[in-house]
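Have a look at the structure below, then the notes.
The values are calculated or read from the model by the stated rules, or taken from the named source; none is laboratory data. What you see is a predicted model, and the numbers here were worked out from it, not measured in a lab. With ideal geometry, Cβ positions are generated from the backbone for all residues, glycine too; neighbour counts draw on all protein chains shown.
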Amino acid sequence: MKIIALGCTHTHHNYVKIPPCDVLIHTGDYTSVGSKFDYTSFYNWLESLTQCKHKIFIEGNHELGQSDEPTMRKYRETAHYEDWLADIEAREEDFKKNNIHRLHNEELIIDGVKFWGSPYTLAFYDWAFNMNLDELHDNWEKMPEDTDVLITHGPPLGKLDKCVNGHHAGDSWLLQKVLEIRPKYHVFSHIHESAGETTIGVNGEHQTKLFNCSILDENYIIRNKPVEFHI
């Protein structure tokens with residue numbers, strides 16, 4: 001199975017060349033601040049990618065209109081959550097026809113490979129899909145132990161999570177869960193300036209390959225190509 005992964009495109013998706021693949025993964029932050037124009041453009045783009053057999057996506061912290069938290073309402077340019085849900089429902093048949101899958105703490109099995117995706121990240125200035133550490137601990141407990149490809153928006157602590165100011169913005173509970181269930185691959189984005197790849201494991205065994213597949217750099221300029229891997 002050939003998998004292409006990318007994230008943090010922030011409305012620049014039309015400028016990214018996507019090669020033929022079995023599964024395309026987008027790890028969130030596909031909009032600027034969650035406007036209807038932005039998410040409609042993204043969904044239309046997904047439907048146009050006929051070279052990809054399946055397309056999986058999750059939300060990120062910039063998808064403000066897609067979060068039902070009341071604090072999101074302060075962003076006037078975002079779509080209302082209820083309007084977004086209605087648009088998603090209206091597209092349900094088109095999504096099925098085009099093998100587009102939105103994962104929200106959900107699993108998806110394609111040709112025997114189990115994908116599991118979640119949008120939640122550590123709380124940061126009242127952005128979308130934020131949780132505190134206690135909430136994140138409970139959230140990651142929902143992750144199936146037999147996950148093959150883990151899809152999150154944010155990184156685990158200390159792994160491709162270093163900001164320009166030197167701060168490590170990753171999630172400690174996510175790191176612990178990845179070490180516990182040992183998926184074959186973990187793809188995420190969120191911290192643009194730490195795009196790249198690494199591996200983690202226990203005593204050098206049961207390695208998990210990690211990809212920060214952010215397309216844009218910290219200045220929101222396209223710097224990276226989508227990640228490609230096989231399973």
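Filtering the stretch 18-55 to residues that are buried (at least 18 other Cβ atoms within 10 Å of the Cβ) and assigned to a strand (DSSP E or B) leaves 21, 23, 24, 25, 26, 52, 54, 55.
Could you list, in sequence order, all residues of the stretch 146-166 that are touching a residue at least 24 places away in the same chain (Cβ under 8 Å) and assigned to a loop (DSSP other than H, G, I, E, B)?
Our first condition is that a residue be touching a residue at least 24 places away in the same chain (Cβ under 8 Å); within the stretch 146-166, this holds for 146-156, 159-164.
Listed by number, the residues that qualify are 146, 147, 148, 153, 154, 155, 159, 160, 161, 163, 164.
Restricted to the stretch 167-188, and to residues there that are outside any helix (DSSP H, G or I) and among the aliphatic types (A, V, I, L, M), the residue that is farthest from residue 56 (Cα to Cα) is 169. Residue check: residue 172 meets all listed conditions (1) at positive phi; (2) touching a residue at least 12 places away in the same chain (Cβ under 8 Å) but one, namely (1). Looking for something at pLDDT 95 or above, surrounded by fewer than 19 Cβ atoms within 10 Å (Cβ to Cβ) and of a type in the set (A, V, I, L, M) - is there at least one such residue anywhere in the stretch 1-10? Yes, that holds for at least one residue. Applying a threshold of 6 Å to beta carbon distances and a minimum spacing of six or more residues, or different chains, the list of pairs starting in the stretch 130-145 at a residue that is within 27 Å of residue 206 (Cα to Cα) and ending at one that is in a loop (DSSP other than H, G, I, E, B) reads 139/120; 142/105.
Look at the stretch 95-118: where a residue is under 23 Å from residue 177 (Cβ atoms) and a partner is assigned to a loop (DSSP other than H, G, I, E, B) and among the basic types (Lys, Arg), sitting 6+ places away or on another chain with Cβ atoms under 9 Å, you get 105/142; 113/184; 116/142; 118/142.
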